[in-house]
Structures are given as structure tokens and as C-alpha cells.
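**Student:** The structure is given below, and queries will be raised subsequently.
The values are calculated or read from the model by the stated rules, or taken from the named source; none is laboratory data. Just so it is clear, the structure is predicted and the values come from calculations on it, not from any experiment. Cβ coordinates were reconstructed from backbone atoms using ideal geometry, including for glycine residues, and neighbour counts include every protein chain displayed. Only protein heavy atoms, including side chains, enter the accessible area calculation; ligands, DNA and RNA are left aside. Shrake-Rupley method; radii C 1.70, N 1.55, O 1.52, S 1.80 Å.
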Amino acid sequence: MIPELWTCIFSAFFFYVHGAKLPEPEVKIEVLYKPFLCHRKSKYGDILLVHYDGFLESNGTMFHSSRHHGDKNPVWFTLGIREVIKGWDKGLQGMCAGEKRKLTVPPALAYGKEGKGKIPPESSLIFDIEIMEIRNGPRSHESFQEMDLNDDWKLSRSEVKEYLRKEFERHGYAPNDTHHEVMVEDIFQKEDEDNDGYISSREFTYKHDEL
């Protein structure tokens, strides 16, 4: 599984196409229920357990429900790395355990021109989603050592950039130095707490709620 620190880079990548930043349609978010106590909020890299009901916006037909179809169990997924449709990655950030939201997802952030199964092409979808549990994603010393190319127990910008290049190639995307520079700066702004120009082992392995 991709380390928690880097899950944001894959969603960030899709805002960049051939050197240009393209606008994306938005997910309409309605909060149906929010618990009084909220100990943490969901963020990219978290592993979420959710129940959901999915409907076609055009006629209200339910195409799937975790509560009523299959094994009727909630489903686990990692937020922000496209394990689910982009509408979920965008619409389920900042939620509390026990919170319920209604998402209206345009086709471009769902199944687009192809559709899928019972979902026709170019369908807008509505999801009623409840987060049952939020867990931290992995951020391990083993992952840190993989990125620490010179074994000095700190990550430089060049090491992070090289990691991005390899990860993009591994997932079938052509590397782009300009895009990677932007992502590297964003990562260091969030992770380099002491502003010394490096991400230390402690900074890397510490679980940040704001990520």
C-alpha cells in the first residue's frame, strides 16, 4: 500500500495535464448527520470503513447498497488514491466517524462516458454514505528507508522527487519534472516542520491529523 504521506500526490496529479491546470466539476456535499463529538476528521491516506447506498440521479434507481446487497457488510478503502471513484475521494474528506453525507457526483467524477454495470454512460450519481470507522494509513520506517537513497535518515527534495518519478511510472503515468516540483514543494510545506529543508524520520513517521 502507498505510504500515507504520498497518497495526496496521485489526486494532485490529475489536476495537471500537459503542463496546464484544468478545472474539474465539483461534488455537491450535503451533511445529513454529524456527531456532537468528533475526535478526528478523515483525510487523504486514511483507511475508511463505510456503508453506502448508491442511486441514479436521473430516476432515483438504487444501483447498489452495502447494507442490502452482497455480504451486507461495510467496505474498507483508502481515501485519496483512487481505490474508489474521484467523487468519493473529493467528497469524503473532513468527515467524522459516525457522520453521514449525501454526495451528488457528476459523470466526470464517477464512471464517465463508459458507465459501469447498472450505471449508464454519462450518469450523475447520488450516494448516501456513513463513515463507520477511520484508521491511520501506513507510514513506516521501511517506507522511509526505501526513499532515503543515501541512508542519512532524512529526505531531501531530490530524493522525494525521485520517489515521485518512480511511483508515477509504476502506475503508468509519464513523469513530468514541472509537476513533480510543484508536488515536492507542497509536500515539504506540510511535512518539514522545522523548515530545515529535509523531512526527518520523525517527521515522516509521525501521524499528522492535518494531512
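**Student:** Report, by residue number, each residue of segment 23-40 that is more than 21 Å from residue 109 (Cβ to Cβ) and open to solvent by 70 Å² or more (accessible area, probe 1.4 Å). Write out each step before concluding.
**Tutor:** Initially, segment 23-40 is screened for residues more than 21 Å from residue 109 (Cβ to Cβ), giving 33-40.
Of everything in segment 23-40, those that are more than 21 Å from residue 109 (Cβ to Cβ) and open to solvent by 70 Å² or more (accessible area, probe 1.4 Å) turn out to be 33, 34, 36, 37, 39.
**Student:** Filter segment 86-100 down to the residues that are under 10 Å from the mean Cα position of the chain (by Cα) and not in a helix (DSSP H, G or I) and list them by number.
**Tutor:** Of everything in segment 86-100, those that are under 10 Å from the mean Cα position of the chain (by Cα) and not in a helix (DSSP H, G or I) turn out to be 92, 93.
**Student:** Which pairs have Cβ atoms under 7 Å, sit 6 or more apart or on different chains, and link a residue in segment 53-68 that is open to solvent by 50 Å² or more (accessible area, probe 1.4 Å) to one that is among the charged types (D, E, K, R) and part of a loop (DSSP other than H, G, I, E, B)?
**Tutor:** Nothing qualifies.
**Student:** Kindly provide the set of residues from segment 86-97 that are open to solvent by 20 Å² or more (accessible area, probe 1.4 Å) and in contact with a strand residue (DSSP E or B) (Cβ under 7 Å, 6 or more places away or on another chain), ordered by number.
**Tutor:** Across segment 86-97, the qualifying residue is only 97.
**Student:** Which of (1) closer than 18 Å to residue 131 by Cα; (2) in contact with a helix residue (DSSP H, G or I) (Cβ under 9 Å, 6 or more places away or on another chain); (3) modelled with pLDDT under 95 is the odd one out, the single condition residue 42 does not satisfy?
**Tutor:** Unmet condition: (2).
**Student:** Next up: For residue 80, are the conditions met, namely being at pLDDT below 95, assigned to a loop (DSSP other than H, G, I, E, B) and open to solvent by 60 Å² or more (accessible area, probe 1.4 Å)?
**Tutor:** No.
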